[in-house]
Every structure is written in structure tokens, then in C-alpha cells.
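The values are calculated or read from the model by the stated rules, or taken from the named source; none is laboratory data. Computed from a predicted model, the values in this text were never measured in an experiment. Because the Cβ atoms are built from the backbone with ideal geometry, glycine has one as well, and the counts that use them run over all protein chains shown.
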Amino acid sequence: MTDKATETATDRALQRRAEFMPKLVTVLREGYSGRDFRADVLAGLTVAIVALPLSMAIAIASGVGPERGLYTTIIGGFLVSALGGSRFQIGGPAGAFIVLVSACVMQIGVEGLILATFLSGLFLVLAGVLRLGTYIKFIPYPVTVGFTAGIAVIIFASQMKDLFGLSLAGQEPAEIVHKVGALWGARGTVTPMAFVVALATIALILGVKRVRPGWPNLLIAIVTAATVVAVTGLPVETIGSRFGALPRLPPSPALPGLSVDAVMAALPYAVSFTLLGAIESLLSAVVADGMSGGRHRSNAELVAQGVANVGAALFGGFCVTGTIARTATNVRAGSRGPVSGMLHALFVLGFMLVAAPLAAFIPLAALAGLLAVVAWNMFEKEEFWALVKSTKGDAMVVIVTFLLVVFRDLTEGIVVGFALGGLVFIQRMSDAAGVEPAFAPDGPEQGGMTRDRVVYRLRGPYFFGAAARLGVVLDRIADYPRAFVVDFSDVPFIDSSGARSFELLAHKVARKGGQLYLIGARPEVRRTLLAQGAREPLVRFLSGLDDVDAAEAAR
């Protein structure tokens, strides 16, 4: 091996290792000062104040105890920041998982949820090792808007029971149509005071944000509601009345049950958690990049998310992913790197150690009000309507994704939306491709065009989406000329289907005694053509039109 080849191989090996290097290592290598640490302490405290009520609210909405939301934030949040490929990512329980987690709990229980989270962590690590993060980032924008809007609707519907203080005769249905029907049937059990508490919480969250944008509005609203309930003894359901006192520490780590039956039952949910977690975390990392001007390492991020899910499951937590709202808060709060995310997890742990008993006074209606605001903010209204009004293709993708997420299944919505987005893209690329004569059709013979020779120029990518449509045109042109010249100068890409069509075209021209000349083909385009049989003497590759005369004379 030459020195240059050795150097190239070494560079590639270094790049592969760097691809999985945690951003924490990068930050420390760049130099981490006491000033940076002080900035991260402030940012971590700010994020912890936001994460504390959200973690409990999301856990309760997901059908598990509030303490499991705290476990997820402490263990999962610490590991995401310590090992992740994003400088500012904040991990923890996310509203996007409420639907899947609650369905999982209803079907296979909390132990099944923990096992599904554990398996999902292993799948995410595998996805990162296989470098699938590079491809997951290519989810079409209308799909992300559609499924985020669908999740927002489902989250809001899941909070109606506690918002109005309803009492259901049986278990609350998971499907939104049946859920709404059950809630409407229980309308006579409304607790007016719970509704008042929920409305007051929403008003306080919005009011503080409007008057004092820098203040922790979520925490202020929840603390205020808990204080009022504790002092006045309002007849509303609280965390304490439903779940009892919160523990002061996470439990000791323990492996979930790994029997064959349990694994098979948890597997479908694990796959769904993996898909949604990968998409959500990488979207969050992209948002952080846009706000900070940085660049995350997608595969390192997937590995970190996987380790975080395994870690959370060992301590009784559930699904961990990158959270867009908390990550954005971290960037705005002046974070200098992953240390702020690690500290935010430690601050939440400090809350459990010191103030866990006080959480018993938090009214569930207040947490429902908080999640109602979260759902409203999640529904990207302007983006949604802009896509609906933009093009038929984008409108179809965003609406179909939204409806499938709301009325069918999250995973199904993402998969079908992605497929539709791909079809829309193929259609647009096919429309962009074209074939045109290399002269003015109504003018005199020019541009190398003669009676026995025609010159046509391709433009745009020539792939399976365009090959069928343009192939008909090319076949019709090839009926007569002795020399058929196709200019590939404006073709950036050709796939095997497109290349195969030229191999068939060359045979047709040859049967009529003519010759197919391809000029200006780029090296990568030429390689694909040769691989599909479009090679000499059937096809002649020339650098330009001037070479055609010499080639014809030689024939």
C-alpha cells in the first residue's frame, strides 16, 4: 500500500471513530473553563425547572406513576447528554410518546412497558452502529408536521378527563373515537372545581409567559395550583390522592423479565418506540443545530439514545428521547455544552431528595392544563396550513399523515406519510426531467442537426420516474436518423432503469442501421450506463458534438 493510500485509510478510520465520539469529549478537548461551567449550571437549572412538572405530567398521561417520569429524566436525561452526538440535546420523556406508552401499558402492563423500553434501547444502539441515523434525518417535512399535529390532538384528548374532572365507569379507551364517546357519556360527572383549576393553570401559564417571558411559567403555575389546593383543601384529585407519596430516590437497577413470551409481546411496541424515538431525537438535534449553528453526529446520538433507554428501563423508567422544547430552552438559556443537560438531570434528582413529599399536593387538573398548553404549542398551526395551501402533493402528505396518526396508529402514519412523500418527490423530479432538440425547431438546420443526424439534449435526473415518459419520446425520435446524438451535459444522475432504457434504445437504432452517440456524460453517469450494457460498439461515448463527424467518417 502506498503512503497516500495508507494516509487515506487512516483518515477514514479516524472519521469513523469521530462519528461516534460524544460531544462531551469534543467540548472538553476544546477547553472547558469555570465560566463555561457557571453558564451550564444556570442553563441546567432553567431546563430542570421546565422538565420537572412536564416529566410528571407526561408520565401520568402515559398511564404510569409520576415518579417514573422523574426516573426517566434523571437516568435517561443524564446519559443522553453525557454520550450524545448533539451539544445541546436534552433527553427525557416526551409528549409524542404518550399515545404509544399508554397503549403499551393497557396491553402488557408497566413491566411490559419497561421491557419494551429496554428492547428499544438495544435497537437504537444497533441503528446507530449501522449508521442508520444518516437516513432517518430524511423524513419529509410534511410528514413531521402532520404527525406532530396528530400527536397534539391525541394528547389534548387524553387530558379531557382530568381537565373536567370526569369519572368513567370503566377504563378510558385508547382509540380517539371511542375515547370521545366515553368522555361524552360521562359528561354528567364533571367536577366544576377541577375545571376551574385547569383553566386557572392555563391562564397563569399564558399570562406569565406574556408578562415575564423569562420566568419559569410552567413551574410557577403548578406550584401556585398546588399551594392553593394545599391551603384551601379544594375538592380536586391530586398526585397524592391517586398515586400516594413520591419516593425520594430512584430504585436499584434491575433487569426486566426476558422470557420469550414477554419479549414477543413487547416487541411490536419496542419497534414503534425505536422508530419514533429516532425520528424525534434527530429532529430535536436538527432544531438545536439551527439555533446554535452547530452540527450534531446523528449516529452517535442514536447510540446515546439507545444507552439512555436501556439505563432508564433498568431503573424503572420508560421511553427516553430528545425533547425539542427542553432542548430549545437549553440553547436559549446559554448552555455551553452537554454539561448543562447532565446537570439538569442532577437538579431533578435533587428535587426528589428534598421536595418529593410536596408533589403530593399537585392537582391533576393543573397538570392536565399544562399538557393542554403543550399540545396547543405542538400543533404547528401556521406550518400545517401553509402546507395544506401550498401544493396538492404536500397537502395530501400532511393531511393523510395527520389523519392516520389521530385515527389509526403513529407508526402507520409515519410509514405511509414517508411513502407518500417519496412518491410526491419522484413525481416532481420526473416533471423536472425533459428531452429537447438542441436547436430551434422552426429554424434552419443548426447545432449539428442534419437530415441524417439529430441532436437532442436531456436535462435533469434521468431515473425510473422519468425513464418511462421520456423513453417514448426518444423511441419516436430514433425511427429515422443515421446518427442519433444525445447530449448528457445537463444530466446530474442516472439510475439503472434510465441506463437500461438507453441500452434498449441503442439496439433499436442499430437495427435501423444507425449509431447512438452519447456526449458530455459525467463519469458517474457513464459508469451506470456501462454497467447496464450501454457500451461500445453499441453506444459511442464522445466528449462533444465535434467528435461525431470524425466518428461517422470512421464508420
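Considering only residues that are closer than 16 Å to ALA483 by Cβ and at pLDDT 85 or above, which ones fall in region 521-536?
Of everything in region 521-536, nothing turns out to be closer than 16 Å to ALA483 by Cβ and at pLDDT 85 or above.
Here are some residues: VAL236, VAL197. Which one is modelled with pLDDT of 90 or more and part of a loop (DSSP other than H, G, I, E, B)?
Working: VAL197 fails: part of a loop (DSSP other than H, G, I, E, B).
Exactly one of VAL236, VAL197 is modelled with pLDDT of 90 or more and part of a loop (DSSP other than H, G, I, E, B), namely VAL236.
Can you find even one residue in region 142-160 that is surrounded by fewer than 14 Cβ atoms within 10 Å (Cβ to Cβ) and out of contact with any Gly (no Cβ under 8 Å at 6 or more places or on another chain)?
no
Go through the residues of region 296-304 one by one and say whether even a single one is part of a loop (DSSP other than H, G, I, E, B) and in the same structural domain as THR148 (by TED's automatic domain parsing). Even if it seems obvious, please write down each step before you answer.
Taking region 296-304 as the starting set, the residues that turn out to be part of a loop (DSSP other than H, G, I, E, B) are 296-297.
Still in the running and in the same structural domain as THR148 (by TED's automatic domain parsing): 296-297.
Scanning region 296-304, I find at least one residue that is part of a loop (DSSP other than H, G, I, E, B) and in the same structural domain as THR148 (by TED's automatic domain parsing), so the answer is yes.
Taking region 246-303, which residues are farther than 22 Å from VAL99 by Cα and acidic (Asp, Glu)?
ASP261, ASP289, GLU301
Quick one: count up the residues across region 223-237 that are in contact with a Pro (Cβ under 9 Å, 6 or more places away or on another chain) and more than 22 Å from VAL208 (Cβ to Cβ).
The number of residues fulfilling the criteria is 1.
Let me confirm something: among SER272, SER292, SER340, which residue is surrounded by 21 or more Cβ atoms within 10 Å (Cβ to Cβ) and in contact with a Phe, Trp or Tyr (Cβ under 9 Å, 6 or more places away or on another chain)?
SER340
With respect to ILE494, determine if the residue is among the aliphatic types (A, V, I, L, M), at pLDDT 85 or above and in contact with a Gly (Cβ under 9 Å, 6 or more places away or on another chain).
Spelling it out, it is not the case that ILE494 is among the aliphatic types (A, V, I, L, M), at pLDDT 85 or above and in contact with a Gly (Cβ under 9 Å, 6 or more places away or on another chain).
Where the second residue is buried (at least 19 other Cβ atoms within 10 Å of the Cβ) and not in a loop (DSSP other than H, G, I, E, B) and the first is free of Cβ contacts under 8 Å to residues at least 12 places away in the same chain and of a type in the set (A, V, I, L, M) and lies in region 514-536, which pairs have Cβ atoms under 9 Å and are six or more apart or on separate chains?
As it stands, the answer is LEU530/ALA499; LEU530/VAL539, since those pairs meet every condition given.
Based on this model, can you work out whether LEU166 counts as of a type outside the set (Lys, Arg), over 30 Å from LEU42 (Cβ atoms) and not in a helix (DSSP H, G or I)?
Taking the combined requirement at face value, the residue satisfies it.
With respect to the numbered conditions (1) within 20 Å of GLU552 (Cα to Cα); (2) surrounded by 14 or more Cβ atoms within 10 Å (Cβ to Cβ); (3) modelled with pLDDT of 80 or more, which one is the sole condition not fulfilled by GLY513?
Failing condition for GLY513: (2).
Pairs please, first residue from region 246-269 and among the basic types (Lys, Arg), second anywhere and part of a helix (DSSP H, G or I), Cβ atoms under 6 Å, 6+ apart in sequence or on different chains.
If the second residue must be part of a helix (DSSP H, G or I), the pairs left are ARG248/MET352; ARG248/LEU353; ARG248/ALA356.
Within region 360-371, track down each residue that is part of a helix (DSSP H, G or I) and crowded, with 22+ Cβ neighbours inside 10 Å.
Selection gives LEU364, ALA365, ALA366, LEU367, ALA368, GLY369, LEU370, LEU371.
Out of ALA325, ALA304, ALA288, report the one residue that is within 17 Å of ILE136 (Cβ to Cβ) and within 15 Å of the chain's Cα centre (by Cα).
Among ALA325, ALA304, ALA288, only ALA288 is within 17 Å of ILE136 (Cβ to Cβ) and within 15 Å of the chain's Cα centre (by Cα).
Test each condition in (1) outside any helix (DSSP H, G or I); (2) under 25 Å from LYS23 (Cβ atoms); (3) in contact (Cβ under 8 Å) with a residue 12 or more places away in the chain for VAL64 and report the one that comes out false.
Every condition holds for VAL64 apart from (2).
If GLN171 satisfies every condition in (1) over 24 Å from LEU349 (Cβ atoms); (2) at pLDDT 85 or above but one, which is the exception?
Only one criterion is unmet by GLN171, namely (2).
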